[in-house]
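Single-structure report; data block below.
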Amino acid sequence: MEEFHKVRRLPPYVFEQVNRLKASARAGGADIIDLGMGNPDLPTPTAIVDKLCEAVRDPRTHRYSTSRGIPGLRRAQANYYQRRFGVKLDPETQVVATLGSKEGFANMAQAITAPGDVILCPNPTYPIHAFGFIMSGGVIRSLDVVPDESFFAALERSVRHSIPKPLALILNYPSNPTSLVATLDFYKDVVAFAKKHDIIILSDLAYAEIYFDETPPPSVLEVPGAIDICVEFTSMSKTFSMPGWRMGFAVGNERLISALTRVKSYLDYGAFTPIQVAATAALNGDGDDIAEVRSIYKRRRDVLVESFGKAGWDVPPPPATMFAWAPIPEQFKHLGSLEFSKLLVEKADVAVAPGIGFGEHGDEHVRIALVENEHRIRQAARNIKRFFATAGNGGGDNVVSLTARR
């Protein structure tokens, strides 16, 4: 039977190929060290879990919740933005709770996209940034992800050659998967450009609190006047180790927030109220939990860079996020990221995410997630070192892709 229209617009899910190989290897008894999916292994802080348990015992919380988030939660998010970025938000009109930033992006695409609308999107980037709009009938024009002159050159070309004029520009810094961080000066130039050309800015700031340098990543909403054209998405998944809780936010321009809120009101009843109560307590906390999570990821990053380097794989230290964006070693580049990722599962018992899954410009890299403890990361490095040693003594010309072997 012919595939449905929206399903037909989606490419094969690249990560599923690695997942199937990983599952097969585990079924055969292999101890796979999974550095592929960005699924935090750290437990949610005890105080947040206790608040959930307290709230869930109240039967009044068992009823339908509110799609846009309970008032206390929206106030807590507004207060967080005031403390962290110096940005004042009205919790009634400029904040809406989402079921994670991924759902927020997808429903924003539903809310604002007409068939054929042009969306400017970094490449490589997190898949929902592009495919949320593709499923909504939009057309994607790719931009260089590096926040420098090349980004603005691509912006200029896109506006000049796009018919119709671009509707929206997607930003994602700190970037998943590349871990690149933008400066406030970069945001100022982007906002000026977007205002000049009447383009909406949608910023994904899911990794605002996972950074390893002295300067915290800024919000685009810190730019004066940015709120006129911008909505920013954040998530509690990484900041508070709450991935399965599905709690995030969209904040910013009232008109855009209103559109998202209206679409969501037709599609969901919001997160379970006790989750929202616990999330409120997390946002109102003293920040110690956030600092501890950040320090754990920093130690893991340092262990990864050091141990993989000794194994013969130079991995640039990421300045932020819970990911390393690693160039495929020269002797394996001819395989591409998908086949190289499959080979790591088969020969080294290590799973990573192929860069091609984040866009065609990511095919010379793989994404390595810091979701195993330091001991397991060192074990992964030892496995990889053994594999490299058997792959033609560092040559790799004798390594044939799995597809070719079939």
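Annotations
- Among residues that are touching a strand residue (DSSP E or B) at 6+ places or on another chain (Cβ under 8 Å), surrounded by fewer than 21 Cβ atoms within 10 Å (Cβ to Cβ) and at pLDDT 95 or above, ASN383 is included.
- Among the candidates ALA23, ALA55, ALA47, ALA76, residue that is open to solvent by 30 Å² or more (accessible area, probe 1.4 Å), among the small types (Gly, Ala, Ser) and modelled with pLDDT of 95 or more: ALA47
- Taking the conditions (1) among the charged types (D, E, K, R); (2) surrounded by fewer than 20 Cβ atoms within 10 Å (Cβ to Cβ); (3) outside any helix (DSSP H, G or I) in turn, LYS195 satisfies each one other than (3).
- Among the residues of the range 177-191, those that are out of contact with any Lys or Arg (no Cβ under 8 Å at 6 or more places or on another chain), part of a loop (DSSP other than H, G, I, E, B) and open to solvent by less than 60 Å² (accessible area, probe 1.4 Å) comprise THR178, SER179, LEU180, VAL181, ALA182.
- The range 10-49: number of residues that are within 18 Å of PHE358 (Cα to Cα) and of a type in the set (Ser, Thr, Tyr): 1
- Considering (1) closer than 25 Å to ALA114 by Cα; (2) within 22 Å of the chain's Cα centre (by Cα); (3) surrounded by fewer than 21 Cβ atoms within 10 Å (Cβ to Cβ), the lone condition that PHE212 does not fulfil carries the number (1).
- The one condition in (1) surrounded by fewer than 23 Cβ atoms within 10 Å (Cβ to Cβ); (2) β-branched (Val, Ile, Thr); (3) closer than 28 Å to ALA153 by Cα that VAL87 fails to fulfil: (3)
- Among the candidates GLY270, GLY312, residue that is assigned to a loop (DSSP other than H, G, I, E, B), open to solvent by 40 Å² or more (accessible area, probe 1.4 Å) and either touching a residue at least 40 places away in the same chain (Cβ under 8 Å) or aliphatic (A, V, I, L, M) (or both): GLY312
- Those residues of the range 1-15 which are surrounded by 10 or more Cβ atoms within 10 Å (Cβ to Cβ) and in a helix (DSSP H, G or I), in sequence order: LYS6, VAL14, PHE15
- Of all residue pairs spaced 6 or more apart or on separate chains, those with beta-carbon atoms under 9 Å, a first member in the range 335-346 that is on the phi > 0 side of the Ramachandran plot and a second member that is at pLDDT 95 or above and not aliphatic (A, V, I, L, M) are GLY336/PRO354; GLY336/GLY355; GLY336/ASP363; GLY336/GLU364.
- When residues in the range 286-328 are screened for being of a type in the set (Phe, Trp, Tyr) and in contact with a Gly (Cβ under 9 Å, 6 or more places away or on another chain), 2 of them pass.
- Single residue of ARG57, ARG26 found to be without any contact (Cβ under 8 Å) to a residue 60 or more places away in the chain and within 14 Å of VAL277 (Cα to Cα): ARG57
- Taken over the range 82-135, the residue count meeting the criterion of being more than 24 Å from THR183 (Cβ to Cβ) and in contact with a Cys (Cβ under 8 Å, 6 or more places away or on another chain) is 2.
- Yes/no for ASP117 being over 27 Å from PHE240 (Cα atoms), open to solvent by 50 Å² or more (accessible area, probe 1.4 Å) and modelled with pLDDT of 95 or more: no
- Within the range 52-78, the residues that satisfy the criterion of being closer than 30 Å to GLU222 by Cβ and of a type outside the set (Ser, Thr, Tyr) are ARG68, GLY69, ILE70, PRO71, GLY72, LEU73, ARG74, ARG75, ALA76, GLN77, ALA78.
- Checking each residue in the range 90-114 for being open to solvent by 60 Å² or more (accessible area, probe 1.4 Å) and in contact with a Phe, Trp or Tyr (Cβ under 9 Å, 6 or more places away or on another chain) picks out only LYS102.
- The test for being at positive phi and acidic (Asp, Glu) does not hold for ASP148.
- Considered as a group, the residues in the range 323-380 that are of a type in the set (Phe, Trp, Tyr) and either open to solvent by less than 10 Å² (accessible area, probe 1.4 Å) or outside any strand (DSSP E or B) (or both) include one that is nearest to ARG141 (Cα to Cα), and that residue is PHE358.
- Number of residues in the range 295-309 that are buried (at least 20 other Cβ atoms within 10 Å of the Cβ) and within 19 Å of the chain's Cα centre (by Cα): the value is 3.
The values are calculated or read from the model by the stated rules, or taken from the named source; none is laboratory data. Values in this document were obtained by computation on a predicted structure and should not be read as measured data. Because the Cβ atoms are built from the backbone with ideal geometry, glycine has one as well, and the counts that use them run over all protein chains shown. Side chains are part of the model used for accessible areas, which takes the heavy atoms of the whole protein and leaves out ligands, DNA and RNA. Shrake-Rupley method; radii C 1.70, N 1.55, O 1.52, S 1.80 Å.
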